[in-house]
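Novice: Sending over a structure as structure tokens; questions will come in a sec.
The values are calculated or read from the model by the stated rules, or taken from the named source; none is laboratory data. The structure displayed is predicted, hence computed values, not measured ones. Cβ: placed from backbone, ideal geometry, glycine included. Neighbour counts: every protein chain shown.
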Amino acid sequence: MTVAKPAFVYVTYIHATPQRVWQALTDADLTGVYWGHHNISDWQPGSSWEHRRTDGSGIADGGGVVLEAQPPHLLTMTFGEAGSDAGPDASTVTFRIEAHRDIVRLTVTHVNLTEEDAAEVSAGWPAVMANLKSLLETGHALPQAPWDMT
């Protein structure tokens, strides 16, 4: 018998182009502004990615493997410990970027979560996405780090 693991889905609308949202998700400097971590990879399927602190320490608080990349519309990656592989039980996040006239619908789907991770993700993704939206629409991230918003 297979036990279902929790999943999380978050949708937001951003006044930006799909290309700009893609850039914000994959550019290390931009992720450092709104996420507080540089997301570092070449964003090619099979490549690793790291979620490195912006304090210059080089410490990666997370990471995984890029599973699918279709710029500027779809990015799927495992989401766990830095250096973790893409096994069948890996926690996975998908960003779907859809143009709708002059806005973008960004859907974040995070699956294969533990109960503990599901609670953290439910607080974390809305804060990170609010910060991303603010940055793209105003040029400024919110005045608090995402982990201080929950």
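Novice: Would you check if there is a residue in the stretch 97-108 being in contact with an Asp or Glu (Cβ under 7 Å, 6 or more places away or on another chain) and within 27 Å of Thr17 (Cβ to Cβ)?
Specialist: Yes, the conditions are met somewhere in the stretch 97-108.
Novice: Those residues that are closer than 15 Å to Phe79 by Cα and not charged (D, E, K, R), I need them from the stretch 100-118; list them, please.
Specialist: Across the stretch 100-118, the qualifying residues are Val108, Thr109, His110, Val111, Asn112, Leu113, Thr114, Ala118.
Novice: So Glu98 clears everything in (1) touching a helix residue (DSSP H, G or I) at 6+ places or on another chain (Cβ under 8 Å); (2) charged (D, E, K, R); (3) closer than 23 Å to Val33 by Cβ except one condition, right? Which one?
Specialist: For Glu98, the failing item is (3).
Novice: Out of the residues in the stretch 74-89 that are touching a Phe, Trp or Tyr at 6+ places or on another chain (Cβ under 8 Å) and either in a loop (DSSP other than H, G, I, E, B) or of a type outside the set (Val, Ile, Thr) (or both), which is farthest from Lys5 (Cα to Cα)?
Specialist: Leu74
Novice: Then there's this: If we scan the stretch 30-44, do we find a residue that is of a type outside the set (Ser, Thr, Tyr), over 11 Å from the mean Cα position of the chain (by Cα) and modelled with pLDDT under 95?
Specialist: Checked against the condition, which is being of a type outside the set (Ser, Thr, Tyr), over 11 Å from the mean Cα position of the chain (by Cα) and modelled with pLDDT under 95, the stretch 30-44 yields at least one hit.
Novice: Select from the stretch 119-141 the residues that are over 18 Å from Gly36 (Cβ atoms) and over 15 Å from the mean Cα position of the chain (by Cα) and write down the one among them that is surrounded by the most Cβ atoms within 10 Å (Cβ to Cβ).
Specialist: Ala119
Novice: Within the stretch 29-61, count every residue that is crowded, with 16+ Cβ neighbours inside 10 Å and not in a loop (DSSP other than H, G, I, E, B).
Specialist: Going through the stretch 29-61 one residue at a time, the tally reaches 15.
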